[in-house]
Each structure stands twice: as structure tokens, then as C-alpha cells.
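Here is the structure we will look at, set down as C-alpha cells.
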Amino acid sequence: MSNELIPPTLAEIRRAHEIIKQEIALPTPLIHSPGLSELLNAHVSLKLEAATPTSAFKVRGGIYLASLLDDQARERGLVTASTGNHGQSIAYGAALASASATVFMPLGANPDKIAAIERFGGRVELVGERVDECFLAAAEYAHERGALYVEPVNQPTLIAGVATAALEVLETQQPDTDLVVVPLGGGTGASGWVTVRDGLGHPAEVWAAQSSLSPAVHDAWRSGEMEPRPNRTLAEGIATGVVFDLPLGILRASLNDLILVNDAQIVDAIRLLWDLQHVMAEPAGAVGVAAAEQERARLAGKRVVIVVSGANATRQQLLEWLQD
């Protein structure tokens, strides 16, 4: 499996979709939301990427990556770093390939995500306060043991895998989409959407949404300078203080807009999704709704798809966030 930092092609994304759909039910649902449509004065549909075995979009990438492993890589196992959803995807894919998976996570990681990784057969190592500290520890651990370190973001095969969601929407589920709003952490998901959009020659705009408390990619997208930024958002699924060159290059070439919202807006969006559509989302999964509400004047009259990327929140978190 090549680790060259070359963006995936549309042909590879099509191959990835054929592989992934052999393992999980695809396409994931695209549902029209009358409540959000009324609120935003637009035709709003939700791409429910939580409707996967890991309750998050990243499992697509893990399955595709694991399908490409050779015998040696399977024997030595996989190592990665994650706040949880990527770790679940690698553990899930590794299990399908009969390989081991070790996932480095922050000390305060979501306990439900830890449990899910272990349920899929992965082993969790807790290191540091933020996921940024886990990247180096995971890479060193993999090097010492001769295992394959799965770079969580600068990995073309992961982008190809998660991009299959965009293929489903823009080619089949709603080809007349005008605008897509997608959550952004490290950038694999948003990179996949613009790669598919450009490969198809589709006219839809693609916007990404990120927390203002972890704005590293937003700032780099605007300036071109890959400088670390504070990483304090409660939206663990999009929490990163560093920038990755492969997705940044894709996004700077093609992304139409990158919107910052604050964490209070993200929590409000979790409530909106529940109140108006009875869809549960973790904060990372709701950030697109927060951005759409903030930019509602620009959505008016358009056919909009908002990606709900995951729903891995604990019961205690939901009890706190759903209170008025």
C-alpha cells in the first residue's frame, strides 16, 4: 500500500465504494428535513453518516485501507492515533482483515469510543491531554514494533474511502444539490467531498465548518501557513491543533468556504437536530448545522445537504447538551 501524498482519483473512489459496500450497508441515508428547511428557508437534507457500524463516517476509510493490506502488514498490525471515530474505523477495518490494531488516544477520551474500539478488537493506549500529543507516541510505537502506522489524515486511502459518501449524494441520491456543508477536523471528509465534486464536474458548492476554538485548518486555509493553533473545542471529533498538508492542499485548491462557529452554536445545533428531526449527533456531527444556521441568508432557496458525520456521544454528554 502506497503512502505517497497524492490525492485520490475519482476512479479510485469508485473502487473504494465497491469494496466498502461489500462490508456495510450503503448508501447511508439522505433524508429531507422539513423542520430545518423551514428554519433555513431552503430545501435541506441530512446525510446521515452516523448510520454505520461505528456511528461515524470514518469507518469507510478504515474498511478501504484494510482491504489494501498485504500479508506482512496484516501480520505486523496497525497503529494509529485518534480522539475516537478514526480509531474505531481502523479497529473495525483491521478486524475485517484479521489484523491487530492499537489506537493511541488522549487521557480524557470519550469512554464510549474507547469501549467501541475495544469491542471491535482494538487495543487502546491513553497518552497526553490532546490528540496532537498522541500522533508522535503512536508513530514511535509503530516504528519500534515494525507495525504499520496509519497516518490519521495525510493518508490518501482514507480520503478515498470517506469520499464515497459524496459519490452517493452527488451522483445518485441528490444530483441537483446546490450546496454541501461538511464538518471539518483534520480535513479528510471535506477533502473527499471536493475531490468527488471536481471529479464529477458537479456545480455544487462545498463549505466546511470548524470550531473557532480549534481553528488550525481554517487559519491555514486562509493564509497558506501551517501553524499550530489552540485546540480547546468540546467537539472531540473535529479537535486538532495542527494542520496536515495533503488535505490542506486539496481544500485550498477547491473548497468554496470554511466557516467558523463557536462551541455554544454547536451545542445549539445538537438541540436543533433533535428538536426538528429527532436525529442524534455528537458535536462534530452537528457543526455543519451550526454553520448553516449562522449563514442562513446565503442558503435561501438552495438545495442543501448537511453532513451529520457522527453520533458518538455519551449519555451524560447528551443529557448536559440537550438541556435548555
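The values are calculated or read from the model by the stated rules, or taken from the named source; none is laboratory data. The shown structure was predicted, so the numbers you read here are calculated from the model rather than taken from an experiment. Here Cβ is always computed from backbone atoms with ideal geometry, including for glycine, and neighbour counts include all displayed protein chains. Ligands, DNA and RNA are stripped out before the accessible areas are found, and what is left, the full protein with its side chains, is counted by its heavy atoms. Shrake-Rupley method; radii C 1.70, N 1.55, O 1.52, S 1.80 Å.
Restricted to the stretch 260-277, and to residues that are more than 14 Å from Gly237 (Cα to Cα) and not hydrophobic (A, V, I, L, M, F, W, C), which residue is most open to solvent (accessible area, probe 1.4 Å)?
If we take residues in the stretch 260-277 being more than 14 Å from Gly237 (Cα to Cα) and not hydrophobic (A, V, I, L, M, F, W, C), then Asp275 is most open to solvent (accessible area, probe 1.4 Å).
Quick one: in the stretch 139-173, of everything that is among the charged types (D, E, K, R) and touching a residue at least 60 places away in the same chain (Cβ under 8 Å), which residue is least open to solvent (accessible area, probe 1.4 Å)?
The qualifying residue least open to solvent (accessible area, probe 1.4 Å) is Glu168.
Can you give me the ranges of the strands (runs of 3 or more DSSP E) entirely in the stretch 1-108 with at least 1 residues that are small (Gly, Ala, Ser), open to solvent by less than 40 Å² (accessible area, probe 1.4 Å) and at negative phi? Write out each step before concluding.
Details: elements: 30-32, 43-48, 78-81, 101-105.
Per the criteria, 43-48, 78-81, 101-105.
In the stretch 237-265, what residues are part of a helix (DSSP H, G or I) and over 23 Å from Val194 (Cα atoms)? Can you show your working first?
The initial filter retains those residues of the stretch 237-265 that are part of a helix (DSSP H, G or I), namely 237-238, 245-254, 263-265.
Within the stretch 237-265, Asp263, Ala264, Gln265 qualify.
Would you please list the contacts, defined by Cβ atoms under 6 Å and residues six or more apart or on different chains, that run from a residue in the stretch 127-138 that is closer than 15 Å to Gly237 by Cα to a residue that is of a type in the set (S, T, N, Q)?
Arg130/Asn231; Val131/Thr83
Does Thr172 qualify as being under 19 Å from the mean Cα position of the chain (by Cα) and among the β-branched types (Val, Ile, Thr)?
On the way: under 19 Å from the mean Cα position of the chain (by Cα): no; among the β-branched types (Val, Ile, Thr): yes.
Against the criterion (under 19 Å from the mean Cα position of the chain (by Cα) and among the β-branched types (Val, Ile, Thr)), Thr172 does not qualify.
Would you mind telling me which numbered condition in (1) under 23 Å from Thr233 (Cα atoms); (2) small (Gly, Ala, Ser); (3) in contact with a helix residue (DSSP H, G or I) (Cβ under 6 Å, 6 or more places away or on another chain) Ala163 fails?
So the condition that Ala163 fails would be (1).
List, please: which pairs have Cβ atoms under 9 Å, are six or more places apart or on different chains, and start with a residue in the stretch 39-56 that is over 14 Å from Ala284 (Cα atoms) and free of Cβ contacts under 8 Å to residues at least 60 places away in the same chain and end with one that is outside any loop (DSSP other than H, G, I, E, B) and of a type in the set (Lys, Arg)?
From the stretch 39-56, the pairs are Thr52/Arg60.
Hey, does the stretch 231-243 have a residue that's surrounded by fewer than 19 Cβ atoms within 10 Å (Cβ to Cβ) and acidic (Asp, Glu)?
Taking every residue of the stretch 231-243 in turn, none turns out to be surrounded by fewer than 19 Cβ atoms within 10 Å (Cβ to Cβ) and acidic (Asp, Glu).
Among the residues of the stretch 67-98, which ones are within 18 Å of Glu144 (Cβ to Cβ) and in contact with a strand residue (DSSP E or B) (Cβ under 8 Å, 6 or more places away or on another chain)? Please lay out each step first, then the result.
First, the residues of the stretch 67-98 that are within 18 Å of Glu144 (Cβ to Cβ): 72-73, 75-81.
Hits for the stretch 67-98 are Ala73, Arg76, Gly77, Leu78, Val79, Thr80, Ala81.
In the stretch 127-136, is there at least one residue being in a helix (DSSP H, G or I), charged (D, E, K, R) and either open to solvent by 10 Å² or more (accessible area, probe 1.4 Å) or over 27 Å from Val242 (Cα atoms) (or both)?
Kept after step one, since they are in a helix (DSSP H, G or I), are these residues of the stretch 127-136: 131-136.
Those still in the list that are charged (D, E, K, R) too: 132-133.
Now drop any that are not either open to solvent by 10 Å² or more (accessible area, probe 1.4 Å) or over 27 Å from Val242 (Cα atoms) (or both), which leaves 132-133.
Taking every residue of the stretch 127-136 in turn, at least one turns out to be in a helix (DSSP H, G or I), charged (D, E, K, R) and either open to solvent by 10 Å² or more (accessible area, probe 1.4 Å) or over 27 Å from Val242 (Cα atoms) (or both).
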